[in-house]
Amino acid sequence: MTLRTHSLQATDWLVPDWPLPPGVHALCTTRTGGVSLPPYDSLNLGTHVGDDPAAVRANRLRLQSALEGVTAGTRPVFLSQVHGDGVAQLDGGTPDGIEADACVAAVPAVACTIMVADCLPVLFAHRSGRAVAAAHAGWRGLAGVDGQGVLESVFKRFVALAQADQAHDAIKIEAILPLQGVAQDTLAWLGPCIGPQAFEVGPEVRAAFCDTAPALQDCFAPSGHASGKYLCDLAGLARRRLQALGITHVHGNDGTPPWCTVTNASRFFSHRRDSAALGGSGRFAACIWRG
């Protein structure tokens, strides 16, 4: 698979290839196009990984400039991600640093932004263009508790925003129509993440998914490197969880090698690949916003 690149920058950033409604935009950075020094070279967007804060500020400004090149005044909002299922609703005054692993927005020029370096970024858009969302799906947040994790949490909030005009009310999940009614008009995009041949996990990870959904066993294969270990298809698990919500229009990461953060070292940061070997890893970001 060939990943489309960002035409507005002299970089290899990704433009998600999916049928977004007019006025909704998305992009995914790579590790190129910034000022950070190794091992964070060069467009590290994470403030928590040990990089020079001045370099991170410069890199974030470069991202903001790229967003503004698409829609004037657009600002990426960075979360403090904790591998949970918390969801923040963004508006023009939302500061960076809110503790959450997903965000939703219905106002223009506010970019839902998720940072990753092996975990899976998931972007959402409603066909009406009324709502967008983004989620950070590492295995813990994706698994959640009793089959309810970050994707389920963000979709509930996304449904509320998408139907807010019909509800003529504040965002009250209890007052809206069933999730299924919105799911058929929801688009999802899966970004780069650790691939199914690189993500070796223990039996506790498999149990976190399969104990509540045995059908997910086919997203795990015995590892040939270590007894009792499994190779995990993180993007495949996310697709299955989205499908269980009724979201069938899922684009992006299909588990093929070009999407793997570990094996594409020149293009993507990877915590698993670089943190032990090089002493650190940067973070790239996926963004979605209304124009």
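Here, each number is a calculation from the coordinates, and none is a lab measurement. What you see is a predicted model, and the numbers here were worked out from it, not measured in a lab. As a convention, Cβ positions derive from the backbone with ideal geometry for all residues, glycine included, and neighbour counts pool all protein chains shown.
Starting from the Cα-Cα distance between residue 226 and residue 128, subtract it from 0.36 nm times their residue separation and give me the gain in nm to one decimal. Could the numbers behind the result be given before it?
Details: separation 98, 0.36 × 98 = 35.28 nm, distance 4.79 nm.
Here the segment from residue 226 to residue 128 would lengthen by 30.5 nm.
Taking 22 Å as R0, compute the FRET efficiency from the Cβ-Cβ separation of residue 96 and residue 52 and round it to 0.05.
Approximately 0.80, to the nearest 0.05.
What 222 nm value per residue comes from the helices of the chain, counting each DSSP H run with n ≥ 4 as -39,500 (n - 2.57) and dividing by all residues, nearest 500 deg cm²/dmol?
-7000 deg cm²/dmol
How far apart, in nm, are the 7 Å Cα→Cβ label points at residue 249 and residue 83?
Distance between the two pseudo-spin positions: 3.4 nm.
What FRET efficiency comes out for the pair residue 64/residue 278, r = Cβ-Cβ distance, R0 = 22 Å, nearest 0.05?
0.20
Run a plain Debye calculation on segment 204-291 (Cα atoms as equal point scatterers, no solvent) and give log10 I(q)/I(0) at q = 0.14, 0.15, 0.17, 0.23 Å⁻¹, rounded to two decimals, same order as the q list.
-0.69, -0.79, -0.97, -1.26
With semi-axes √(5λ) of the Cα gyration tensor in Å in mind, check [x] 30, 25, 15; [y] 53, 24, 15; [z] 27, 25, 16 and report the label derived from this structure.
[z]
Per 0.36 nm of contour for each residue apart, how much would the distance between residue 266 and residue 201 grow if the chain were fully extended, relative to their Cα-Cα spacing? Walk me through the intermediate numbers first.
Numbers: separation 65, 0.36 × 65 = 23.40 nm, distance 2.44 nm.
My answer for the length gained is 21.0 nm.
Given the C-alpha centroids of segment 72-147 and segment 206-254, what is the distance between them in whole angstrom?
22 Å
Take the chain, connect every pair of alpha-carbon atoms lying under 10 Å apart with a spring to form a Gaussian network, then pick out the residue of 231, 278, 20 with the largest mean-square fluctuation.
Maximum fluctuation in the GNM of the chain, among the listed residues, is at 278.
What list do you get for 132, 49 if you sort them by fewest beta carbons within 10 Å? Don't skip to the answer; put the middle values down first.
Working: 132 32, 49 20.
So the residues, fewest neighbours to most, are 49, 132.
With Cβ to Cβ distances under 14 Å as the rule, what net charge do the other residues near residue 280 carry (K, R +1; D, E -1)?
So the environment of residue 280 carries a net charge of -1.
From the backbone phi of segment 104-121, what are the Karplus-calculated ³J(HN,Hα) couplings (6.51 cos²θ - 1.76 cosθ + 1.60, θ = phi - 60°) in whole Hz, Gly and Pro given as x?
Couplings: 10, 8, 10, 9, x, 6, 10, 9, 5, 10, 10, 9, 8, 7, 2, 5, 9, x Hz.
Going highest first, how would you order 188-197, 245-254 by mean Cβ packing within 10 Å?
The densest-packed peptide leads the list: 188-197, 245-254.
Arrange 87, 122 by Cβ neighbour counts within 10 Å, fewest through most, would you?
Ordered from fewest to most neighbouring Cβ atoms within 10 Å, 87, 122 come out as 87, 122.
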